[in-house]
Number of protein chains: 2
Amino acid sequence: MPANPSSLLILHPRLNVYLKPFVLSLPHFSSPSLSLNRARRFPIPRPPFPISPTRNLSSLSSTSVAQSSGENGGGGGRSGALSPPPITDVVQKIDVNPPKGTRDFAPEEMRLRNWLFQNFREVSRMFGFEEVDFPVLESEALFIRKAGEEIRDQLYCFEDRGNRRVALRPELTPSLARLVIQKGKSVSLPLKWFAIGQCWRYERMTRGRRREHYQWNMDIIGVPEVTAEAELISSIVTFFKRIGITASDVGFKVSSRKVLQEVLRCYSIPENLFSKVCIIIDKIEKIPLDEIKKELKSTGVSEEGVEELLQVLSIKSLAKLEEILGSAGEAVADLKQLFSLAEKFGYSEWIEFDASVVRGLAYYTGIVFEGFDREGKLRAICGGGRYDRLLSTFGGEDLPACGFGFGDAVIVELLKERGLVPELNLRVENIVCALDVDLQGAAARVASILREKGQSVDLVLESKPLKWVFKRAARVNAYRLILVGSSEWQRGMVSVKILSSGEQNEVKLDELE
Amino acid sequence: MPANPSSLLILHPRLNVYLKPFVLSLPHFSSPSLSLNRARRFPIPRPPFPISPTRNLSSLSSTSVAQSSGENGGGGGRSGALSPPPITDVVQKIDVNPPKGTRDFAPEEMRLRNWLFQNFREVSRMFGFEEVDFPVLESEALFIRKAGEEIRDQLYCFEDRGNRRVALRPELTPSLARLVIQKGKSVSLPLKWFAIGQCWRYERMTRGRRREHYQWNMDIIGVPEVTAEAELISSIVTFFKRIGITASDVGFKVSSRKVLQEVLRCYSIPENLFSKVCIIIDKIEKIPLDEIKKELKSTGVSEEGVEELLQVLSIKSLAKLEEILGSAGEAVADLKQLFSLAEKFGYSEWIEFDASVVRGLAYYTGIVFEGFDREGKLRAICGGGRYDRLLSTFGGEDLPACGFGFGDAVIVELLKERGLVPELNLRVENIVCALDVDLQGAAARVASILREKGQSVDLVLESKPLKWVFKRAARVNAYRLILVGSSEWQRGMVSVKILSSGEQNEVKLDELE
């Protein structure tokens, strides 16, 4: 049923301003030719008129016209344009929050996200990486591995309408591996690819963790040398430096899965249990040590082996590791090379050896690393490593590969902790406003001219008092205000006011820069 | 079971190159000091050595060492690092394609996508719009309307692990409406927001249509005037012009839902059936006319009414519409104002009145428009309109609103048709290469120095023949090649070759710009 105009005014208080003419005292605006310091009457754009939809409907049948007209009560103005939907539709207010664990990005959050992504992109560009992306919805099979990873338990999976098991990607690497296999010999190695994609994990929302985050990935496919890992860590360090994070804020713990592997080999642990053991060890700081030991034993490691394993994992010095494992093995050789390269790259102070780092993904095979905040308050900032065997688990030919993932959540927490979140304001070059409703077309013309020159213009789309326009100009952080007034317009001019200085000039339309 | 080294060579032919030293004749490289025109032996980065994981494992038990060592066959080099996963894991090759109806973005596709999005963003910026985003996964309720829309039938919905009905968003507007309600009085109107987001529709894949696409949206919340619609169309025209599309390639069909509304009012069609009628009419070009008529009658429109309705819908001239509807109604007044503003904005030649345009979404209430290719080969390129009543359907207070959606699919088809897809190549400023494996750290140092100056560097991470390096330089479209050779390095110099001209110089490390 149609609402009557007065109830509409209550329902839509914001619309008051458009429904009746009003008179306002204007703030002083020092343009002699504009005579703005007198009160100015703002006409409404279109006077209310009775709706008579049947007038001139000469070629249409006039059946039920009276009833129709009666139903709409001959109501005035735009308020009668469409009746509100029946009450039954509006009773229940929807939940205005995004689904649990997800985020909206209002302009201020979006500016921060864009700033972060821009830094991800810029660093990736400086390292010669090419951007790629994959579907956020992938076949579930791509993420199912047999190692009891946290990521598998938290898979956001379901059956689609075609009865296919699909999942919102929890990470990007398996999709990348899929694409590399698909491309086969058509690409020249090495590939240096980066991606910034949204990833999903269905977690219990107990720790304030979200169910989605964006992740910056950089991957190098086709390089077996540790130079690849060194290059990746260098890119993250470069990123940190760009955004003001120093080596006293964060560091990288580095180890190699080959350390564990060499130890396990001594205890006849079958190779195919290796990743399971890694997943268990990754939980060392999350669950009680007894639980870890129990889980390790259940995979077949002897009690003695478990103790020795935990002893090796406590090593924080490469020299000590070498003492135990010898210098001939790959674990020590890889790590020594990485630390030597770090020195050349110039980020030695950022990295340290820590045998307990194994990372929580099943597919790592060599160097693994993890960015952490030195105050120890936050979860891992980023992490990655070598995964030379991932492609064959999908039936492809293996290629040497390494990469990292860098989420958009923990880094923002860190930036907040350090007071390093940049002030990112909306900034518009021009705000253009007609001083008269008849000049709205002229203002549109001015806006078009400026935009053709690449300038940004916030065009005032309604008749508004100058006080409102100044407030708007401040909100959009405009550099200058361009007023289109009748007398100037007739002379092909507009009034240009630099808002920071208050300096004001008349400028010819074709000289507007 | 571990593979023996020779079978590994067969399994991983790409790796051959890393497994044995090789001798190559190098292309002539005219640096006298580098003496590169002699054949150069590339050492492998690390000589194969027998794995003896138990050496120096003094503190570890040596149980089963012999067995372990035997299992790994004392194999050489990196190939013995990890055994391949058991055969059972590799038998089935996964589907290397992205799920049906979805896309991967390899670097070349990603460059096109980034180019498109950059143009979306740049135009939005020029119009003073702020970027926003919402979760790709929303509550299903947000998209369920009662009008038989195509979009509802194609909803990609499912139950999550918490038994909530959720859906991959098929469009962005409902999320935007949700956020606007959530923000309430905390935001100053008008809001000018844009978003670029992925949207999902579960369609039968019969027409080569995909199940996901990216959509550029621009919305203005809080402006009841037609100036808002005029501004939105202006932004799309600006976008088209930027990418080389002209008014002879595309046009906009414009109408208003108020046209239909004014006609329906004559036939006593209840207001709440209005959107259903619109949805039926939107299918006029897709299903037979008889079917349309039948569906219209089933909503309660008389036979006579249906005929008159279809007659009005065939009108392509605003003058003719005015003749029939009269000039007092809002439909005609709005449209006249829009056409008048189009002239001032400078895009008259792009737009035409077409009463048959109603758009397929239930929530439009006023002006609706649709971008189409003039050759008539493609589906609608973009579309939008006014939706002043959407917020109240979610239990919020209505606000005047209009916006459009612009997909990333049809526009690319059009660009291809017109030969307007830009050539977007990877472009790296420097390729840096060590001439000796011992200088890889030095090369890393050079790369770091250049990157600190904001330059992009593709660092060669392996020992490769110069021929390979030149090929790589061409592939990454490098501006210059920087070679780090032993004798120059000792003098603090590197060799810099401009690849387009062949010009080559020695440059001091600290003078490298």
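The values are calculated or read from the model by the stated rules, or taken from the named source; none is laboratory data. Everything numeric here is computed off the predicted structure, so don't read it as measured data. For neighbour counting, all protein chains shown are included, and Cβ atoms are generated from backbone atoms with ideal geometry for every residue, glycine included. The area values use the complete protein model at the heavy-atom level, side chains included, leaving out ligands, DNA and RNA. Shrake-Rupley method; radii C 1.70, N 1.55, O 1.52, S 1.80 Å.
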Which pairs, out of A:LYS253/A:LYS293; A:LYS464/B:LYS336; B:LYS100/B:LYS283; A:LYS192/B:LYS183; A:LYS185/A:LYS320, put more than 32 Å between their alpha-carbon atoms? A:LYS192/B:LYS183; A:LYS185/A:LYS320
Name the chain A residue with the Cβ nearest the axis that maps A onto B: which is it, and what is the distance in angstrom? A:PHE158, 2
Residues whose placed amide H lies under 5 Å from that of A:VAL432, excluding near-sequence neighbours: A:ASP458, A:LEU459, A:VAL460, A:ILE482
When the convex hull of its Cα atoms is projected in every direction, mean area for the stretch B:219-287 (nm²): 6.9
Per-bin percent of Cα-Cα distances, the stretch B:186-339 [10 Å]: 8, 26, 34, 27, 5, 0
Report, in debye and to the nearest 20, how large the dipole of the stretch A:107-417 comes out about its Cα centre when Lys and Arg carry +1 and Asp and Glu carry -1 on their Cβ. 760
Calculated from backbone phi, Karplus (6.51, -1.76, 1.60) coupling profile of the stretch A:490-503 in Hz, x at Gly/Pro: 5, 9, x, 10, 10, 9, 10, 10, 6, 6, 6, 9, x, 4
At a 1.4 Å probe radius, which order do A:SER456, A:SER317 fall into by accessible area, largest first? A:SER317, A:SER456
Provide the net charge surrounding B:GLU131, with neighbours chosen by a C-beta distance below 11 Å and charges set as Lys +1, Arg +1, Asp -1, Glu -1. +1
Net charge near A:LEU390, counting Lys/Arg +1 and Asp/Glu -1 over other residues with Cβ under 11 Å of its Cβ? +1
Which whole-Hz ³J(HN,Hα) couplings does the stretch B:302-318 yield from phi under the Karplus relation 6.51 cos²θ - 1.76 cosθ + 1.60, θ = phi - 60°, glycine and proline marked x? 5, 4, 4, x, 4, 5, 5, 4, 5, 5, 4, 5, 7, 5, 10, 10, 5
For the pair A:PHE117 and B:ARG427, how long in nm is the line joining their label points, each one 7 Å along Cα→Cβ? 2.3
Please give the Cα centre distance for the stretch A:243-260 versus the stretch A:399-466, rounded to the nearest Å. 36
Ignoring ligands and nucleic acids, chains B and A bury, in total, an accessible area (1.4 Å probe) to the nearest 100 Å² of about 14700
Counting only other residues whose beta carbon sits under 9 Å from that of A:ARG491, what net charge do I get with K and R as +1, D and E as -1? -1
Per the Cauchy relation, a quarter of the hull surface: what is the mean projected area of the convex hull of the alpha carbons in the stretch A:430-511, in nm²? 4.9
Using a 1.4 angstrom probe and counting only protein chains, how large is the accessible area of A:ARG475 in Å², to 10? 90
Report ³J(HN,Hα) in whole Hz for each residue of the stretch A:403-412, in order, from the Karplus equation J = 6.51 cos²θ - 1.76 cosθ + 1.60 where θ = phi - 60°; Gly and Pro get x. x, 9, x, 9, x, 9, 9, 5, 4, 5
Could you give, in nm with one decimal, how far A:LEU420 is from each other copy of that position, shortest first, with labels 7 Å out from Cα toward Cβ? 4.4
For the stretch B:430-511, which whole-number percentage of the solvent-accessible area (1.4 Å probe, protein heavy atoms only) is attributable to carbon and sulfur atoms? 47
Assigning unit charges at the beta carbon (Lys, Arg +1; Asp, Glu -1) and nothing else, what dipole magnitude in debye, to the nearest 20, does the stretch B:112-255 show about its Cα centre? 320
Going 7 Å from Cα along the Cα-Cβ axis for the label, what nanometre distances separate B:PHE117 from the same residue across the other copies? 0.4
Please report, for A:LYS377, the nm distances (one decimal) from its label point, 7 Å out from Cα along the beta-carbon direction, to the equivalent points in the remaining copies, shortest first. 5.9
Write out the trypsin sites (Lys or Arg not before Pro) in the stretch B:125-178 meeting two conditions: DSSP loop, and at most 11 other Cβ atoms within 10 Å of their Cβ. none
How big is the stretch A:283-433 by the Kirkwood estimate over distinct Cα pairs, in Å? 18.8
Mind checking the stretch B:235-290 for GluC sites (Glu not before Pro) that DSSP puts in a loop (not H, G, I, E or B) and that have at most 12 other Cβ atoms within 10 Å? B:GLU285
Sequence-distant aspartates and glutamates (8 or more away, or on other chains) whose Cα lies within less than 15 Å of B:LYS416: B:GLU108, B:GLU109, B:ASP249, B:ASP373, B:GLU375, B:ASP408
Could you work out the percent of alpha carbon pairs in the stretch A:101-217 separated by over 20 Å, rounded to a whole number? 52
Other-chain or far-sequence residues with amide H under 5 Å of A:CYS382's (modelled H): A:GLY371
Summarise the long-distance tail of P(r) for the stretch A:183-229 by giving the % of C-alpha pairs beyond 15 Å. 62
List the relative contact order of the stretch B:290-422 as a percent without decimals, with contacts defined as Cα pairs under 8 Å and 6+ residues apart. 14
